[in-house]
Amino acid sequence: MTTSPEAVGPDAATPGQPVLEATGLSVVHRTRSGPLHAVSGVDLALYPRRTLALVGESGSGKSSIAKALLRLPPPTTGTVTLDGTDLAALSPRALRAVRPRLQMVFQDPLSSLNPRRRVRDLVAEPLDAHPDPARDRDREETVTRQLEAVGLPPALFGDRRPHQLSGGQAQRVAIARALAAGPRVLIADEAVSALDVSAQATVLNLLRGLTEERGLAGLFISHDLGVVRAVSDEVAVLQLGRVCERGPTEAVLAAPAHPYTAALLAAVPEPGRPLRDTGLLPADPPSPPSGCRFRTRCPLADSRCATEEPRHREVAPGRTVACHRPLVGAARA
Ligand SMILES: Nc1ncnc2c1ncn2[C@@H]1O[C@H](COP(=O)(O)OP(=O)(O)O)[C@@H](O)[C@H]1O
Ligand SMILES: [Mg+2]
């Protein structure tokens with residue numbers, strides 16, 4: 001592994017205004033044993049035709065972030081803006097009107113597809129839920145277009161029911177349904193984790209192509225750094241509810257700056273296998289330690305890491321890391 005600053009040249013520049021921007025996002029879950037701080041102070045911005053990957057182990061807060069962006073439920077603190085509008089400021093009616101612009105696909109497509117409905121009716125669901133006369137004038141054509149976009153010819157697949165689909169095909173139906181809503185933002189939460197390797201590749205290529213063709217802003221959530229490489233322009237690494245490193249995907253994966261990212265990369269054994277089970281990365285402590293959240297698991301931790309929480313700083317153009325002892329950049333303390 002070598003540091004390659006060339007890899008983060010002009011491509012690293014973020015284009016234009018973000019479609020969706022989250023600032024200071026925190027999510028606290030109420031549990032029987034008290035408040036659980038799942039997400040603490042996360043900032044992120046999604047741009048048209050770009051995909052940000054959010055990676056981290058199971059329990060690091062990825063789904064809590066996705067749900068907070070959709071206000072299901074809203075974040076405990078922090079703001080989320082869509083095209084500059086603060087979602088918290090919208091009336092329930094106005095929020096319902098913007099909801100179709102934020103679409104999400106989940107890990108298990110079958111659980112989100114009504115088993116009794118046919119594919120063409122499943123894809124039309126957002127049209128029925130949020131009628132828009134201009135868009136829905138030709139419902140049939142809209143459905144056909146989305147099915148073709150995900151590579152499922154309507155003549156072959158339109159009349160099938162979910163149990164007549166493979167896992168990859170079902171996920172493509174879920175994506176077609178999300179597209180039918182006319183989204184600006186597409187959030188995929190572990191959307192390929194349950195698929196076999198070849199179906200993963202199909203769905204990843206599809207997501208990659210669709211963000212480009214439809215000008216979507218993508219948020220791709222995964223515990224698997226291997227799949228992130230195929231789909232994202234930028235990556236943010238989440239550890240115990242905080243982003244510990246972010247930057248252009250190729251640069252971060254070629255030379256991780258945070259020891260946690262390096263450990264995640266070293267722990268990528270085979271697609272889909274939970275990182276925690278690899279034995280390469282010690283388990284998270286039950287609650288975040290003082291100072292750096294990774295220090296009890298970090299081979300490089302020193303006394304400063306125990307007392308002082310590291311802040312994000314730039315280690316290369318477009319790359320920041322919250323670490324006192326980053327593996328990349330001259331400012332190694
Ligand atoms: N609805 C909930 N109630 C209580 N705790 C929750 C809830 N959802 C998630 N958590 C807890 O919040 C933490 C982050 O969970 P989650 O966002 O699902 O992480 P990830 O998607 O990265 O696996 C975990 O400790 C999880 O147990
Ligand atoms: Mg999750």
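The values are calculated or read from the model by the stated rules, or taken from the named source; none is laboratory data. Source: prediction; values computed, not measured. Glycine gets a Cβ as well: all are built from the backbone with ideal geometry, and neighbour counts include every protein chain shown. Ligands, DNA and RNA are stripped out before the accessible areas are found, and what is left, the full protein with its side chains, is counted by its heavy atoms. Shrake-Rupley method; radii C 1.70, N 1.55, O 1.52, S 1.80 Å.
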- Query: Pick from the range 301-333 the residues that are surrounded by 15 or more Cβ atoms within 10 Å (Cβ to Cβ), aliphatic (A, V, I, L, M) and under 21 Å from Ala236 (Cα atoms): which of them is modelled with the lowest pLDDT?
  - Reply: Val328
- Task: Might you let me know whether the range 242-250 holds any residue that is touching a residue at least 40 places away in the same chain (Cβ under 8 Å) and under 13 Å from Ala188 (Cα atoms)?
- Result: no
- Of those in the range 105-124 that are modelled with pLDDT of 95 or more and part of a helix (DSSP H, G or I), the residue nearest to Arg208 (Cα to Cα) is Val123
- Query: Which ones in the range 145-192 are among the charged types (D, E, K, R) and either away from ligand 1 (no atom under 16 Å from the Cβ) or open to solvent by less than 20 Å² (accessible area, probe 1.4 Å) (or both)?
  - Reply: Arg145, Glu148, Asp159, Arg160, Arg161, Arg172, Arg177, Arg184, Asp189
- Would the range 217-226 turn up any residue that is within 16 Å of ligand 2 (Cβ to nearest atom), within 27 Å of Gly247 (Cβ to Cβ) and assigned to a helix (DSSP H, G or I)? yes
- Item | Residue among Gly218, Gly247, Gly226 that alone is open to solvent by 10 Å² or more (accessible area, probe 1.4 Å) and more than 16 Å from ligand 1 (Cβ to nearest atom) | Gly226
- Message: Among the residues in the range 123-144, are any open to solvent by 40 Å² or more (accessible area, probe 1.4 Å), under 18 Å from the mean Cα position of the chain (by Cα) and among the acidic types (Asp, Glu)?
- Response: no
- Item | Residues within the range 183-194 that are in a loop (DSSP other than H, G, I, E, B) and either closer than 18 Å to Ser63 by Cβ or within 16 Å of ligand 2 (Cβ to nearest atom) (or both), tallied | 5
- Collect the residues in the range 57-102 that are part of a loop (DSSP other than H, G, I, E, B), exposed (fewer than 15 other Cβ atoms within 10 Å of the Cβ) and away from ligand 1 (no atom under 16 Å from the Cβ), keeping them in residue-number order. Asp83, Gly84, Ser91
